[in-house]
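Encoded as structure tokens, the structure appears first; notes follow it.
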Amino acid sequence: MIVANRKNIREIRDMIKDHKRVLLVGCGTCVTVCLAGGERETGILGSALRMALKLDDREGVVVDECTIERQCDDAFIDALGSHGAEYDAICSFGCGAGVQALAERFPKTAVYPGLNTQFMGILEAQGVWTEKCSGCGNCRLGEFAGICPITRCSKRLFNGPCGGSRDGECEVREGLDCAWQLIYDRAREIGMLDKLESIATPHDWSSGLDGGTRKVVREDQCIAGLGPKA
Ligand code: SF4
Ligand code: SF4
């Protein structure tokens, strides 16, 4: 999932300072699961923002909130319909993709991010999310016992550790697992240590963000005659 956390109330209040009617839009998918921008969090933020504006003598500012199933899918933004255009600002509690989807859908309305999008990761323990994938576009987990050296080795090393690992921890930060220790341990566990003996080929970064914004087109899923959405 995409993991995000919420901007603080002061930042949000400052972002909307020039607006009179503000709609807070939550998202029912990843950011609900990571407890950052779902219906509950958007409602709490809405109440906190109204209180903050009252303390600032700006109680005339209208702050409403709603939550849609997915902000990154135009079909779900239909639920907002023309309603969104009735506001002079929208503050999205979706990830960065959701914010941009709303900006595209409401070209005449100011759109602000209510969250800081962090990474693609997993729920590791209650209240703890960790990063697992950098979306390199060319997955090589099969070569590294299912542990991503691009994301989880601080130096993105492909051919073994840097030498700074101590007791399984990365030298970059205390408490951070050394990815190469994890790769080695798991490779040994599943009997694939021999695979690590051959030199891993350099990564093809052209499929990553360095090659420009990416796009996935599934011709078999495109509607005949309309072609892929530009
Ligand atoms: S190799 Fe690439 S796609 Fe696979 S987990 Fe790592 S960053 Fe993600
Ligand atoms: S200590 Fe481990 S995770 Fe940290 S940079 Fe070195 S090899 Fe990578």
Note to self: Please list, in order along the stretch 181-188, the HN-Hα scalar couplings obtained from phi with the Karplus expression 6.51 cos²θ - 1.76 cosθ + 1.60 (θ = phi - 60°), rounded to whole Hz, x for Gly and Pro.
What the structure shows: 5, 5, 4, 4, 4, 6, 4, 5
Next item on the list: Counting other beta carbons within 10 Å of each Cβ, put HIS203, HIS19 in order, fewest first.
Entry: HIS203, HIS19
Next item on the list: Find out how many positive minus negative residues lie around VAL22, taking Lys and Arg as positive, Asp and Glu as negative, among other residues whose Cβ is under 12 Å from that of VAL22.
Entry: +1
Item checked: In degrees, nearest ten, helix 39-55 long axis to first principal axis of the chain (Cα) -> 50 degrees
Notebook entry, point to check: Under a GNM of the chain (C-alpha, springs under 10 Å), which listed residue has the highest mean-square fluctuation: ILE190, ILE90, ILE44?
Noted result: ILE190
Checklist line | About the Cα centre, charge dipole magnitude for the stretch 2-119 (Lys/Arg +1, Asp/Glu -1 at Cβ), debye | finding: 320 debye
Notebook entry, point to check: For the pair LEU157 and ILE9, what calculated FRET efficiency results from E = 1/(1 + (r/R0)^6), where r is the Cβ-Cβ distance and R0 = 30 Å, to the nearest 0.05?
Noted result: 0.15
Notebook entry, point to check: What 222 nm value per residue comes from the helices of the chain, counting each DSSP H run with n ≥ 4 as -39,500 (n - 2.57) and dividing by all residues, nearest 500 deg cm²/dmol?
Noted result: -6500 deg cm²/dmol
Notebook entry, point to check: Taking springs between alpha-carbon atoms closer than 10 angstrom, which of GLY164, GLY26, GLY96 fluctuates most in the Gaussian network model of the chain?
Noted result: GLY164
Next item on the list: Report, by chain and number, residues whose modeled amide H sits under 5 Å from the one on CYS133, excluding near sequence neighbours (fewer than 5 apart, same chain).
Entry: MET120
Checklist line | Charge tally in the Cβ shell below 11 Å around GLY168, where Lys, Arg are +1 and Asp, Glu are -1, GLY168 excluded | finding: -3
Note to self: Treating only the Cβ of Lys, Arg, Asp and Glu as charged (+1, +1, -1, -1), what charge dipole size does the stretch 136-200 show about its Cα centre? Round to the nearest 20 debye.
What the structure shows: 260 debye
Notebook entry, point to check: Can you count the Lys pairs in the chain with C-alpha separation below 23 Å, eight or more apart or on different chains?
Noted result: 14
Next item on the list: Name the residue, out of GLY137, GLY84, GLY37, whose mean-square fluctuation peaks in a Gaussian network model built on the chain with Cα pairs under 10 Å.
Entry: GLY137
Check: In the stretch 151-225, what trypsin sites (Lys or Arg not before Pro) fall in a loop by DSSP, with at most 14 other Cβ atoms inside 10 Å?
Finding: LYS155, ARG156, ARG173, ARG214, LYS215, ARG218
Next item on the list: Could you please rank GLU59, GLU197, GLU39, placing first whichever residue has the fewest other Cβ atoms within 10 Å of its Cβ?
Entry: GLU197, GLU59, GLU39
Next item on the list: Assign one of three labels to the stretch 2-119, namely rounded, prolate or oblate, based on the Cα gyration tensor with a ≥ b ≥ c the square roots of its eigenvalues; rounded applies when a/c is under 1.5, prolate when it is not and a/b is larger than b/c, and oblate otherwise.
Entry: oblate
Notebook entry, point to check: Helix 96-105: angle to the longest alpha-carbon principal axis of the chain, degrees 0 to 90, nearest 10?
Noted result: 40 degrees
Checklist line | Likely footprinting exposure, CYS66, CYS139, fewest C-beta neighbours within 10 Å first | finding: CYS139, CYS66
Checklist line | Karplus-derived HN-Hα couplings along the stretch 74-84 (A = 6.51, B = -1.76, C = 1.60, θ = phi - 60°), whole Hz, x at Gly and Pro | finding: 3, 4, 7, 5, 3, 4, 7, x, 7, 3, x
Notebook entry, point to check: Using the beta-carbon distance between THR130 and LYS215 and R0 = 30 Å, what value does 1/(1 + (r/R0)^6) give for FRET efficiency, to the nearest 0.05?
Noted result: 0.60
Check: What residues qualify as long-range amide H neighbours of LEU24, i.e. H under 5 Å apart, gap of 5 or more or another chain, H built at 1.01 Å from N?
Finding: ASP64, GLU65, CYS66, CYS91
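Each value in this text was obtained by applying a stated rule to the coordinates, not by laboratory testing. The structure displayed is predicted, hence computed values, not measured ones. Because the Cβ atoms are built from the backbone with ideal geometry, glycine has one as well, and the counts that use them run over all protein chains shown.
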